[in-house]
Every structure is written in structure tokens, then in C-alpha cells.
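Here the structure is laid out as C-alpha cells; the discussion comes afterwards.
What follows is calculated from the coordinates using simple rules that are stated; it is not laboratory data. All values reported here derive from a predicted model rather than from experimental measurement. Don't worry about glycine lacking a Cβ; one is built from the backbone with ideal geometry, like all the others, and counts go over all protein chains shown.
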Amino acid sequence: MSGFDTVIYEKNGNIACVTLNRPQALNAFSVQMRDDLFEILGAIRVDDEVRAVLLKGAGDKAFCAGADLREFLTAPSAIKARHIRSVRDLWRLFMSMPQPLIAALHGYVLGSGIEMALFCDLRIATPDVVFGFPEVTLGILPAAGGTQTLPRILGLSGALDMLLTGRRLNAQEALSKGMVNQIVPRETLLHEAEELAQKIASYDPVVVRNAKQALTKGMDMTLDQGLDLEWRLAAKTRETRQASKS
Ligand code: COA
């Protein structure tokens with residue numbers, strides 16, 4: 001797949017690599033980027049060869065500095081926005097990805113940047129990373145899932161702290177709060193993220209997908225429902241593995 005204005009898509013064996021590619025604007029999330037990501041993730045989602053997905057940002061300074069502020073004045077009407085959301089809901093697409101998503105994060109990870117990172121399953125960051133939700137300071141609400149995904153990761157209190165005050169987290173704070181899984185030097189970020197993706201891709205993809213589903217779907221269920229889901233997925237995994245051996 002090629003020819004996207006704002007995103008680079010590369011497939012390396014079983015790994016899909018998606019690069020936000022507007023470094024001159026700190027990879028700010030634009031309407032075109034939404035459309036490009038929607039097309040790319042939609043294709044990855046149904047690509048059974050892909051066993052893990054890597055999301056990263058081009059350039060030295062940022063993974064993504066949030067929504068493109070230059071597009072704010074050209075925002076569509078509420079009716080048009082609702083229509084676009086109904087036909088091109090990128091955030092639900094992120095949530096519905098069956099493969100594990102790994103975010104490789106450096107520099108500024110703000111607004112829709114952090115929201116995309118929070119839709120990923122694993123987050124690796126560099127020491128210079130800065131996480132933040134500037135929305136409150138701009139008089140708007142996060143609208144790419146942040147009010148829902150953040151408390152699921154930081155807990156309600158930590159999420160309120162970030163969302164109501166605009167407080168930014170550095171790498172160590174993010175690590176201690178469980179927002180990132182590991183911190184690695186900038187020079188090795190990509191290598192470490194790729195190694196992690198390769199490791200996951202080396203496992204049985206049915207097991208990996210079902211484990212992801214049990215955890216991510218189970219989180220939104222009661223414990224009782226979650227245990228049923230786990231039981232069903234474990235049985236399905238066993239059956240699929242047995243069928244593939246016979
Ligand atoms: N939308 C559009 N362009 C953006 C942008 C955004 N969210 N963030 C940065 N840019 C652009 C800048 O306008 C600048 O473009 P220019 O060189 O043509 O003037 C370029 O990216 C570099 O940014 P700059 O502000 O010069 O870098 P900095 O290191 O001084 O500051 C930030 C970095 C992230 C602190 C600062 O760019 C910033 O506050 N950005 C906005 C963050 C934000 O509020 N996002 C919206 C969340 S809803």
C-alpha cells in the first residue's frame with residue numbers, strides 16, 4: 001500500500017508498520033491523516049498475515065502534537081461531523097483491531113497523539129517523551145476516546161488530574177503510572193519496538209488474538225461475564241489449534 005499523504009505504511013513479513021508522517025507539523029492529526037489511517041488500519045485489520053502492528057511518528061520532535069490546530073477554524077458543522085463519524089469512525093476501528101498494536105513514542109505525545117497511543121496495547125517510550133491533554137486549556141474536550149481510555153489505564157484519579165489540569169507527564173511519571181511499559185534510549189526505540197513486535201509475531205496468532213480479546217473485551221464486562229468470555233475463548237483457541245494439527 002502506498003500513496004498516502006500523511007502516513008507511511010510498510011509491511012515487513014508479519015509486522016505492519018504505520019508511521020505518522022507530517023514531521024514539519026510535529027505529526028499533527030489532520031483530516032487527511034484520519035482518512036489515511038482509516039484506510040490503512042481497515043486494510044491491516046483484515047490482513048491475516050499481519051500479526052503485530054507498530055505505530056510511530058516521523059521526525060525528531062514528536063510522535064504527534066495533537067489535532068491540527070490550523071484546521072480548527074475549518075471544522076465541519078455538527079451534522080457533517082456526525083455523518084463522518086458514522087461512516088469513518090477511526091477510534092472504534094482502533095479498538096476493533098484484532099492484532100496487538102505497539103506504540104513507539106518519542107517527544108510530544110499530546111491530544112489526539114496520546115489518544116492514539118492509548119488505543120495501542122503496548123507503549124514503549126524514550127526519555128524525552130511528554131504526555132499531555134492540552135484540550136482543557138484550549139476550551140475543548142478530548143474527542144478521540146481519551147476521556148474513556150485514560151481512566152482505564154491511569155485510574156479515575158490520575159485521569160482527572162491530567163484532563164482537568166492539563167498537567168503533562170514525563171517518561172518516568174508515565175512509567176510509574178503504567179502508561180508506558182518501558183523506556184528505551186531514542187537511538188534504539190525502533191529496534192526495541194520491532195523486536196517486541198517480532199516476538200509477538202513468533203507466537204501462534206490465534207492465541208495472541210484471543211488473549212488480546214479476552215483482556216480488552218473482558219475489561220468492560222462484569223467479572224462473571226469476563227470469566228465466561230475467557231472460558232469461551234480458551235475453548236475456541238484449543239479447538240482451532242487442534243484443527244490446525246489434524
Ligand atoms: N497543529 C498544527 N501545527 C502544529 C501543531 C498542531 N497541533 N503542533 C505543532 N505544530 C507546528 C507548529 O505550528 C510549527 O510549524 P511552523 O514551523 O510552520 O511554525 C511546527 O509544528 C513546530 O512546532 P513549534 O511550536 O515551533 O515547536 P516547539 O518545540 O516550539 O513547541 C509544542 C512544541 C508541542 C509545545 C507546540 O508546538 C505546541 O504547543 N503545539 C500545540 C499542541 C496542542 O495544543 N495540540 C492540540 C491538542 S488538542
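Rounded to the nearest whole Hz, the Karplus-based 3J(HN,Hα) values (6.51 cos²θ - 1.76 cosθ + 1.60, θ = phi - 60°) of region 43-55 follow the sequence 6, 5, 3, 9, 9, 5, 6, 7, 10, 7, 10, 10, 10, with x at glycine and proline.
Each residue in 72, 94, 4 was given a count of other beta-carbon atoms within 10 angstrom of its own, and listing them fewest first yields 72, 4, 94.
From largest to smallest, the equivalent ellipsoid semi-axes obtained for the chain from the alpha-carbon gyration tensor read 29, 21, 20 Å.
For residue 217, a cut-off of 17 angstrom between C-alpha atoms picks up these aspartates and glutamates, skipping any fewer than 8 places away in its own chain: 121, 228, 230.
Per-residue ellipticity at 222 nm, computed for the chain from helices alone with -39500 (n - 2.57) per DSSP H run of at least four residues, works out to -15000 deg cm²/dmol. For the chain, the longest principal axis of the Cα atoms and the long axis of helix 78-87 meet at an angle of about 20 degrees.
Each peptide among 112-118, 240-246 gets the average number of other Cβ atoms lying within 10 Å of its residues, and from highest to lowest they stand as 112-118, 240-246.
For region 77-219, the mean projected area of the C-alpha convex hull, equal to one quarter of the hull surface, is 9.5 nm². Normalised by the number of residues in the chain, the mean separation of alpha-carbon contacts (under 8 Å, six or more apart) gives a relative contact order of 17 percent.
Test of understanding: in a Gaussian network model of the chain with alpha carbons linked when under 10 Å, which of 24, 99, 182 would top the mean-square fluctuation ranking? Top of the fluctuation ranking is 24.
Our coupling estimate for region 158-169, obtained by passing each phi through the Karplus curve with A = 6.51, B = -1.76, C = 1.60 and θ = phi - 60°, is x, 5, 4, 4, 6, 6, 7, 10, x, 4, 9, 10 Hz, Gly and Pro reported as x. Label-to-label distance for residue 85 and residue 220 is 1.5 nm, based on points extended 7 Å past Cα in the beta-carbon direction.
Given a Förster distance of 25 angstrom, what is the FRET efficiency for residue 241 paired with residue 47, based on the Cβ-Cβ distance and rounded to 0.05?
Values: r = 21 Å, r/R0 = 0.85.
That gives a FRET efficiency of 0.70.
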